[in-house]
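The values are calculated or read from the model by the stated rules, or taken from the named source; none is laboratory data. Model, not experiment: these values are computed from the prediction. Note: ideal-geometry Cβ built from the backbone for every residue, glycine included; neighbour counts use all protein chains shown. Note: areas computed on protein heavy atoms with side chains; ligands, DNA, RNA excluded. Shrake-Rupley method; radii C 1.70, N 1.55, O 1.52, S 1.80 Å.
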Amino acid sequence: MKRLVPLIILLITIFGLAYYITPKLPQQTELRPLGEFYLKNSYFGDYSAKSPEVVTSILWDYRGLDTLFETSVFFIAIIGSLTLFRLNKKQEEEAKQKAEEFRIGLTLIIKSVTRVIVVMILAVSASIALHGHLTPGGGFQGGSALAVAPLLIIAAYSKYALEEHGLDKTRALIFRSIGLLGIALVALVPLLSGGFLMQNQPIFPAKLGGQLVSGSLIYYNFFEFLAVGAGFTAVFLLLAIPEKVFKKFLRREANE
Amino acid sequence: MSEILFYLGAVMITIGGICDLFGALGLLKFPNFYIRLHAATVGTIGGAVVPLFGVGFLALGADFLPHKYAIAGASFVTGIIVLLAAPAGSHALAYAAHKTKIVKWEPKCDHLEVEE
Amino acid sequence: MNLENSFFLLMKFVIPVYLLAFIIYAIRAFKGPTIVDIILAVDCMSFDIAAFMAILAIYFKSAFLISGAITLALWAYLLDIYIAKHLVGKEVGV
Amino acid sequence: MNVIGLTPIIPIVFAFALPLFSILIKGNRKIIQFYALIGTGLTLISSYKLFQLGYSSNVPLVYTFGKWIAPIGIVYEVDKLNALIALLTAGLMFLIAIYSYRYLEHDEGLEWYYTLYLGLEAGLLGVLLTGDAFNLFVMIEVTSIAAYALVMFYRDRGDSVFSGLKYALIGATGTTMYFLALGMFYGTFGTVNFADLSAKVHGLSFPVSGMPAGNIVITSGIALALATWAFLIKAAIVPNHFWLPEAHPAAPSPISAILSGLVVNVGVYALIRFLYTVYGGSLAPELAHVVSLLSVIAIALGAVSALFSALMMNVQKDVKRLIAYSTIMHMGYLFMAVGLGTELGLQAALFHLVNHSIAKALLFLAAGIFIHAIGSRNIEDLSGVGRRMPIATFSLAIATLSLVGIPPLNVFFSKLLLFNAFIDKNLILAWILVISSVIALIAYMRLFYVIWFGKPKEDIKTKEPLSMSLTCLLLALTCLAIGLMAPTIVDNFIAPAAAQTLDYNSYINAVLNLLSKLLH
Amino acid sequence: MNEVITFIWTVIILSLIATVIISLYGIARRPNLTKKLIALTIFTDTANLLVVLLGYRLIYPVAPPVLPSFSKEALQTFVKTAVDPLPQAFVITAVVIGMAVNVLIAFAIIQIYRLYGTVDARKLGEKQSTLLKEGGI
Amino acid sequence: MIEIHLLMLLITVIIGLIFSYLAIIEKDSLKAIGFSAVHAIAYAIAFYILMAPDIVLAYVAVAVGIYSALLIFVVSKTERYEVV
């Protein structure tokens, strides 16, 4: 309980300080005009993104550039991690060979539950991502939910189980590149018809076959979904390479 | 019909709250990890799955809610996921604890020990 | 007494109960003593919070708030599996 | 107009495609190099167009993304200041891409290197062009994360990974500070656009975002303090400098050149934007007090870091560490000049920033040739290499002479401007400039003496790699040319840019005019 | 009643600031690199929560910034009750960016352990400085 | 009625404060991960009460899931106990 003493002092200070500060603070009940503008205009209004989800329309339409570069921050982080753990072709093949202390994974109960849940995850994450323009959620949220599936498989079975089914690091990277190029493409398309970069309305149709798709938002969400899911998979596949294998590579390189 | 669903949901939520509280108390009071697992089951199945299904029924029965089918669907899905994941999660923890022997206890007999 | 009023009466009873349970789980997580105890408490806590989120979604009368519950349940399960795998054998990936 | 928006997009799209492309061509090094040259070359062309556009118009140009004008969306606002630095950035990045090929001939992972490199370029250009404070945060993150990863490029050397990690920890803390500052700006002013913030600070009205709420002075003070702290970290001014002398040397030499020449400029540029565009000109007396306090702090810290790092340069055994300390010294000068708040000070800062970037990049690249040949960064190991490599030594000589300020090289003229600007404010500052330059001169002369006159330990047979030394020669000639034409350059490029930066009204009006047009 | 609300609000903000200070202490003073990373995640999270607090409105009822139904009448009540969406958009961007930086830092920590066999910052600093004294890196 | 929201927020924020403190002073890294997970869950409810469902989805994924998994990988590949 000794570790609690600083904490109690801190809490008492907080309450005391709050008692002094309180009368000086205004109460925040009004919206800022800019926030009100977004709320009023995101679906109705003259400056509309045709999406009822205001946060997503800010993320991908009003302030789309931020999100484009946010995605590239994530992209660069993954490339940086790959650079730190880089393997050449021979080593990559070797890393796929099963390690000496290979175990079959956790118990049967966990495995079967995981199998059921993985199937559910695919449906849930797709619905989070593809309804991103109507309900909370969107590309990143859906993609990170999608990434639970490979992560669960890595832990409950092993990383070799993923690789045997064809989802290795190179594949994940390819999916990721496709997703990112898709995002870039959707951002660049408006230039062809004389618009601005990342423009949504009126270049993309707001409705497709009677369904509200909010112009470019659904494409962005879909490609981001792909990119984020594949990106997390690549990161964790890289992390799951056993330490012994990696140390062997490093020792061999040092000897050469 | 909708009232029955509503009250069914309300009862389930209440039961869930009580189970959750008892589960939490059990988790706090029980002496070691393996006994706490019992309380954890009460806390997760009784305290999370039952109220989640209850929310689903309540939403189906309530006429004052917007998008009631969305709420009901999402809470049923969450309920099923928790129903699957909670026991498997506790099982994984118990398995790990038993394998690594990090929990100090003196069992009368340990069947798992005998099997291995 | 119509449904809405009885519902809010119920909520006044249920919300403190869930919050209290959350705090008690937090105390268990604080006390430990072993890592599995903490993770078990985190596990119970997150499922408890998932149910609490669903209840709050009706309380706030907003369908959009409920989607957090699913993700929370999924990731809490993932946390369990990872800790278990790490404890059983040191490496997680194999 | 599309060229403004496309300038940072081109390198990032090239970076997106490179991993896929390298899988398709099975990692052929020549094709990857060619691809990177195309990417950086296109960016150079586009930023040259941007430069022409910026200097041909008298008012700042505004590009709207997705047709949303500020404060609703993000705008890129190009004035002469950022057009100039953008051209400098793109040009140096292109030249260093040529240099990198031979430098990395023994290392694997060229495709990763260039992906990060293009990402870094996109981030740097985005930082310069953006007219939005939150977008500045995102772009600073793009720049820094690429920089962290590139510092750790030699993944089997412990020192480079550890210094990269330190850089990442301190950098992430700094940018989060800036994010908090942004929160405070949004909370008070209800906007994050530079033009809009500037209008609010000066008490002008701006449509859509309403009036500021709450106490402007206190929030401005805290938010500016947090933001300046972040920029001090990014520019490595003394209390936050400790990451730089470890991180910059640990990277591959071309990356050291970029980090020291371009990435540290981010902090200075962002501070110029905040102090001159947003909080520039005549303010309400309380606000002016806050800003002047901040300027004094910037000047003081700059002075301390100039003196401190000049002394530290003399005790280094590692060539690149020596040069890295010299970077801190020059950043100190820049912060002093920016803190002055006068037009002459801004001119001096701008001219010195350009000159320092070129000379410092040249110095790192020239030193990199020796390091590449010998395989060591220790000064004593490099003794006598100079006579085997005349072009590289010539470039090194030009760079060192330039950086200490020997006429007729470029940095001499910017130091002259700095000297004039400091003398107007206080004589002590001018003395600090002179003294630290003299101390630095000693360190450089030691380096130069060892490399040229020192006895070689063993017979060195390596020849100069042509692509590397020609790049250095080109940069050395640029140094010379800028030095010879200094008065013309100052009159035609630097002075208009400084004047336009001080004129915050035109910056606001550029957005405001477009806003009234689009918002009918 | 208003004073109670403002008091609680102030306590919330002050405890968040206290968390920021604690996490800064963790980043600066804890020797273990893993602990530094945990402190950094806590720091970014708390900064995010502080920014989201800006967009909240102390009114009842209050709603998320998602338009519940496609009618003009709903829009009226929606604008009256919904919270400010812009800080939320900022925070989502910041969450992703912070996550990206932390992934990179985690990889670097693992790589350092492979090379040096320790994650204690003090020991690592000593190793670094002995390398420097020898001069040849 | 708003007081109920604020009280819930207060509880979550104070739990976040306590557990962030514990996570930072704890010597055992694995326990620190557990504490930071509690912190993350508390903040997730805080975001929820602040009416930010989008952030809840992203934050839960990142802070409860990805960070914990990542840190478990880090601990499993390095040292578990901090030596003082």
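Taking all protein chains together and a probe of 1.4 Å, list A:LYS40, A:LYS90 from the most accessible to the least accessible. It would help to have the intermediate numbers written out before the result.
Details: A:LYS40 95, A:LYS90 155 Å².
Result of the area sort, largest leading: A:LYS90, A:LYS40.
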**Item:** Cα radius of gyration and Dmax for chain E (Å)
**Value:** 22.3, 76
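Probe radius 1.4 Å, ligands and nucleic acids left out: which of C:LYS31, A:LYS96, A:LYS169 has the largest accessible area, and how do the rest follow?
C:LYS31, A:LYS96, A:LYS169
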**Item:** C:LEU9-B:LEU28 FRET efficiency (beta carbon distance; Förster radius 35 Å; 0.05 resolution)
**Value:** 0.75
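Once the piece of chain linking A:LEU185 and A:ILE8 is laid out straight, how much longer is it, given 0.36 nm per residue of separation minus the C-alpha distance between them?
On the way: separation 177, 0.36 × 177 = 63.72 nm, distance 5.49 nm.
In short, 58.2 nm is gained.
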**Fill in**
Each label sits 7 Å from Cα toward the beta-carbon; between E:GLN76 and D:LEU311 the label points are separated, in nm, by 7.3 nm
**Request:** With only Lys, Arg, Asp and Glu charged, each at its Cβ (+1 for the first two, -1 for the last two), find how big the charge dipole of segment D:1-123 is about the Cα centre; round to the nearest 20 debye.
**Result:** 260 debye
**Fill in**
Helix E:85-116: inclination vs chain E longest Cα principal axis, degrees, rounded to 10, gives 20 degrees
**Complete:** Rounded to the nearest 10, the angle in degrees between the Cα long axis of helix C:3-31 and the longest principal axis of the Cα atoms of chain C comes to 20 degrees
**Item:** Low-density loop cleavage sites - chymotrypsin sites (Phe, Trp or Tyr not before Pro) in segment B:1-88, where at most 13 other Cβ are within 10 Å (DSSP)
**Value:** B:PHE64
**Fill in**
Amide H proximity to D:ASP132 below 5 Å, modelled H, separation 5+ or other chain, gives D:PHE194
**Message:** What distance in nm lies between label points placed 7 Å from Cα along the C-beta direction at F:MET1 and B:GLU106?
**Reply:** 5.8 nm
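Suppose R0 equals 41 Å. What FRET efficiency, 1/(1 + (r/R0)^6) with r the Cβ-Cβ distance, do D:MET1 and D:SER205 give to the nearest 0.05?
On the way: r = 27 Å, r/R0 = 0.66.
Efficiency at R0 = 41 Å is approximately 0.90.
Probe radius 1.4 Å, ligands and nucleic acids left out: which of D:MET329, D:MET312, D:MET211 has the largest accessible area, and how do the rest follow?
Values: D:MET329 0, D:MET312 55, D:MET211 130 Å².
I get D:MET211, D:MET312, D:MET329, largest accessible area first.
Let me make sure I get this right: for chain C, a, b and c are the square roots of the gyration tensor eigenvalues over alpha carbons, sorted descending. Under 1.5 in a/c it's rounded, otherwise prolate if a/b > b/c, else oblate. Which is it? If you can, show how the numbers build up before the last one.
Numbers: a/c = 5.44, a/b = 2.03, b/c = 2.69.
Oblate, because a/c is 1.5 or more while a/b does not exceed b/c.
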**Mean-position separation - Cα centroids, segment C:1-80 and segment D:154-224, in angstrom** = 35 Å
**Asked** Of B:ALA10, B:ALA70, B:ILE35, whose Cα points farthest to the positive end of the dipole of segment B:2-115 (charges on the beta-carbon: +1 Lys, Arg; -1 Asp, Glu; origin at the Cα centre)?
**Response** B:ILE35
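Quick one: putting +1 on the C-beta of Lys and Arg, -1 on the C-beta of Asp and Glu, what dipole do you get for the protein assembly as shown around its Cα centre, in Debye to the nearest 20?
Its charge dipole is roughly 2020 debye.
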**Prompt:** For segment A:112-256, what class follows from the C-alpha gyration tensor (a ≥ b ≥ c being the square roots of its eigenvalues): rounded when a/c is under 1.5, otherwise prolate if a/b is larger than b/c, else oblate?
**Reply:** oblate
**Message:** What does the extension gain come out to for D:LEU416 and D:ILE45, with contour length at 0.36 nm per residue minus their alpha carbon separation?
**Reply:** 130.3 nm
**Request:** Between D:VAL217 and F:ARG80, with labels modelled 7 Å along Cα→Cβ, what's the label distance in nm to one decimal, could you check?
**Result:** 5.8 nm
**Fill in**
In order over segment A:78-92: 3J(HN,Hα) from phi, Karplus 6.51/-1.76/1.60, θ = phi - 60°, whole Hz, x for each Gly or Pro, gives 5, 5, x, 5, 5, 5, 5, 9, 5, 10, 8, 4, 5, 5, 5
**Item:** Per-residue SASA entry for B:CYS109, accessible area with 1.4 Å probe, Å² rounded to 10
**Value:** 90 Å²
**Fill in**
The rounded separation in angstrom of the Cα centers of segment E:35-63 and segment E:93-126 is 24 Å
**Potential extension, A:GLU92-A:LEU17 segment - 0.36 nm per residue separation minus Cα distance** = 21.2 nm
**Prompt:** Computed on protein heavy atoms with a 1.4 Å probe, what is the summed buried accessible area for the chain pair D and A, in Å² to the nearest 100?
**Reply:** 4800 Å²
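If you count, for every residue in D:210-218, the Cβ atoms of partner chains within 10 Å of its Cβ, what is the mean? Walk me through the intermediate numbers first.
On the way: counts 7, 1, 1, 5, 3, 2, 0, 0, 0.
Mean partner-chain Cβ count within 10 Å for D:210-218: 2.
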**Fill in**
The rounded separation in angstrom of the Cα centers of segment D:395-463 and segment A:164-205 is 49 Å
**Fill in**
Connecting every pair of Cα atoms under 10 Å apart in chain B and solving the GNM, the largest mean-square fluctuation among B:ALA85, B:ALA24, B:ALA40 falls on B:ALA85
**Message:** Counting just the Cα atoms, what span does segment B:40-116 cover along each of its three principal axes? Round to the nearest Å and put the largest first.
**Reply:** 57, 19, 17
**Fill in**
Under a 1.4 Å probe, counting only protein heavy atoms, D:ASP424 has an accessible area in Å², nearest 10, of 110 Å²
**Message:** As a test question: what accessible area, to the nearest 10 Å², does D:ILE435 have when a 1.4 Å probe is rolled over all protein chains in place?
**Reply:** 80 Å²
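With +1 on the Cβ of every Lys and Arg and -1 on the Cβ of every Asp and Glu, and nothing else charged, how large is the dipole of chain F about its Cα centre, in debye rounded to the nearest 20?
Working: 4 positive and 6 negative charges, 40 e Å.
Dipole magnitude for chain F comes out near 200 debye.
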**Complete:** Out of D:LEU353, D:LEU470, D:MET336 - ranked by how far each Cα lies towards the positive end of the dipole of segment D:315-503, with unit charges on the beta-carbon of charged residues - the top one is D:LEU470
**Request:** Assuming R0 = 25 Å, can you tell me the calculated FRET efficiency for the pair D:SER292 and D:LEU427, based on Cβ-Cβ distance, to the nearest 0.05?
**Result:** 0.80
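Compute the accessible area per residue over segment D:33-83, keeping the other protein chains in place, probe 1.4 Å, unit Å².
31 Å²
In Å², and per residue, what accessible area does chain B have when probed at 1.4 Å with the other protein chains present? Before the final figure, lay out each step's value.
Values: 5440 Å² over 116 residues.
Per residue, chain B has 47 Å² of solvent-accessible surface.
Once a ≥ b ≥ c are taken as the square roots of the eigenvalues of the Cα gyration tensor of chain A, is the result rounded (a/c under 1.5), prolate (a/b larger than b/c) or oblate (a/b not larger than b/c)?
Details: a/c = 2.05, a/b = 1.28, b/c = 1.61.
The shape class here is oblate.
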